[in-house]
Amino acid sequence: MCKTLLSIVILAAFGAHAARAEQDLASLRELALKDQRAYAVLESLTTEVGPRLAGSAADKAAVAWAQAKMKALGFDKVYTEKVSYPAWVRDGASSAEVISPFPQNLTIAALGGSVGTGKDDVTAQVVSFDSFDALSKAAAGSAAGKIVFINQKMARSRDGSGYGAAVTARVAGASAAAKIGAKALLIRSIGTDAGSRTPHTGVLRYDAAQPRIPAAALSYVDADLLARMLTRGKPVTLRLQVLASVRAGEYSGVNVIGEITGSTLPKEIVAIGGHLDSWDLGTGAIDDGAGVAMTMAAASLIGEQKTPPKRTIRVVLFANEEQGVYGGKAYAAARKAADEVKLQVIAAESDFGSGRVYQLATKLPEAQLASLAPLFDALKPLGITQGDNKGSGSADFGPMGELGAPVADLKQDGTEYFDFHHTANDTLDKVKPEDLAQNVAAWAVFARFFADRD
Ligand SMILES: [Zn+2]
């Protein structure tokens, strides 16, 4: 065969192959849109396990549930990897009561990781700051013996950027307040649910240089109420009881991992997943039952297709994301120790509720970006556009990204996410089945593309 003819034959074969791959992605997408299994998985998790605080008995139940569910969904390999962390315990419902000048109760929730108030409640005057920034600039001793209140509102946005701007008040507020002498911290909940009396929990971090003081979040309307009292020009005194503790020693949990083994390149890994733990107030439907369910469903659907994926599709259900990304860090450390970082073709986590995906951002070598065209063609009918090349892998695959593994983010509409995030209202009814299916379609196309591409 002459050289020209040979290259024509090769090009034609390549073209036919590429066209077939695109056809496969399109039909997979349409199948996923009609598939009900993600909702069934999420219904099962939230009903049969419910809240699953890291280190609790329900956390163990969730692990058993995940292993059984993965086997039932056709994963051919299901195993666990150890993850250790200190177990924080909510010892009951915390309470806050205005003693004077206008006695009444306020609705609060202890922040994750907070110490308790002990056998004596904290009773003290309230000093208010409009923002974490204002608190961090306050003079030494200016809150001595008082309860600091951070009255900082969070802005609603599709991409959740308002959360990033506000969450420092929760994460670092207690130590910033302790630094100027405070005995306890109250924050306005980090959420967008104006009009709600449901507080948002979430983790805090203590600075080792400061005394550990108890910390809790007021519901949105109780933060409004306290702020109004403070405008009356009289000292406001609160009694605060925070019921929480940390169990002695390290708790051993696990990441649960399920695989659809690749046919020709089984050692190369397309890693997707969500975190299995949740906060204890709701049933963890949107955070992160949705991410767990949609990535399990997408992999399971791919596993059912006539042609198996070339590379292995691995679903990782991470332990204890909420209190410090313990599962994500352990996963990356294990890959590094086994010299497997180079085998991770792509890694992406779903951890932003069940809103529709509107954009895919990657973090890949620039030279590979042009080859993603068939992927974006297949995602386009789902309303998904190509984002930048500054993806993070989300919280749990972030540590893999830091080790140099290619990562991606399927960005979801989070306009309503922070109305329910980390609250008792994080329940199944907030999830729209058609939005969940759109996510499954996006994840299935995404995983299949990276599993098969040349
Ligand atoms: Zn989450």
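What the table shows:
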item: Candidate set from segment 233-273 (those that are within 30 Å of Tyr206 (Cβ to Cβ) and of a type in the set (Lys, Arg)); member that is modelled with the highest pLDDT; result: Arg239
item: Inter-residue pairs, beta-carbon under 7 Å, first under 17 Å from Gln368 (Cα atoms) and in segment 378-392, second part of a loop (DSSP other than H, G, I, E, B), 6+ apart; result: Asn389/Leu364
item: Long-range neighbours under 6 Å by Cβ, at least six apart or interchain, first residue part of a helix (DSSP H, G or I) within segment 361-376, second surrounded by fewer than 17 Cβ atoms within 10 Å (Cβ to Cβ); result: Pro374/Glu22; Phe376/Gln386
item: Unmet requirement for Leu410, which otherwise passes all of (1) outside any loop (DSSP other than H, G, I, E, B); (2) touching a strand residue (DSSP E or B) at 6+ places or on another chain (Cβ under 7 Å); (3) away from the ligand (no atom under 16 Å from the Cβ); result: (3)
item: Test for Ala334: is it out of contact with any helix residue (DSSP H, G or I) (no Cβ under 6 Å at 6 or more places or on another chain), assigned to a helix (DSSP H, G or I) and touching a residue at least 24 places away in the same chain (Cβ under 8 Å); result: yes
item: Some residue of segment 259-275 being within 16 Å of the ligand (Cβ to nearest atom), surrounded by 24 or more Cβ atoms within 10 Å (Cβ to Cβ), under 16 Å from the mean Cα position of the chain (by Cα) and over 15 Å from Ala348 (Cβ atoms); result: no
item: Selected residue (only one of Asp207, Asp193, Asp222 is in contact (Cβ under 8 Å) with a residue 12 or more places away in the chain and outside any loop (DSSP other than H, G, I, E, B)); result: Asp222
item: Options Val254, Val246, Val242, Val292; residue that is within 16 Å of the ligand (Cβ to nearest atom) and either without any contact (Cβ under 8 Å) to a residue 60 or more places away in the chain or β-branched (Val, Ile, Thr) (or both); result: Val292
item: Qualifying positions in segment 384-397 - in contact with a helix residue (DSSP H, G or I) (Cβ under 8 Å, 6 or more places away or on another chain) and away from the ligand (no atom under 16 Å from the Cβ); result: Ile384, Thr385, Gln386, Asn389, Gly391
item: Flag for Ala424 being farther than 15 Å from Ser189 by Cα and at pLDDT 95 or above; result: no
item: Among the candidates Leu281, Leu317, residue that is within 16 Å of the ligand (Cβ to nearest atom), surrounded by fewer than 24 Cβ atoms within 10 Å (Cβ to Cβ), modelled with pLDDT of 95 or more and among the aliphatic types (A, V, I, L, M); result: Leu281
item: Any strands (runs of 3 or more DSSP E) falling wholly within segment 32-134 and containing at least 3 residues that are within 30 Å of Gly164 (Cβ to Cβ) and not charged (D, E, K, R); result: 77-90, 108-110, 122-129
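The values are calculated or read from the model by the stated rules, or taken from the named source; none is laboratory data. Remember, predicted model here, so these are calculated numbers, not experimental data. Because the Cβ atoms are built from the backbone with ideal geometry, glycine has one as well, and the counts that use them run over all protein chains shown.
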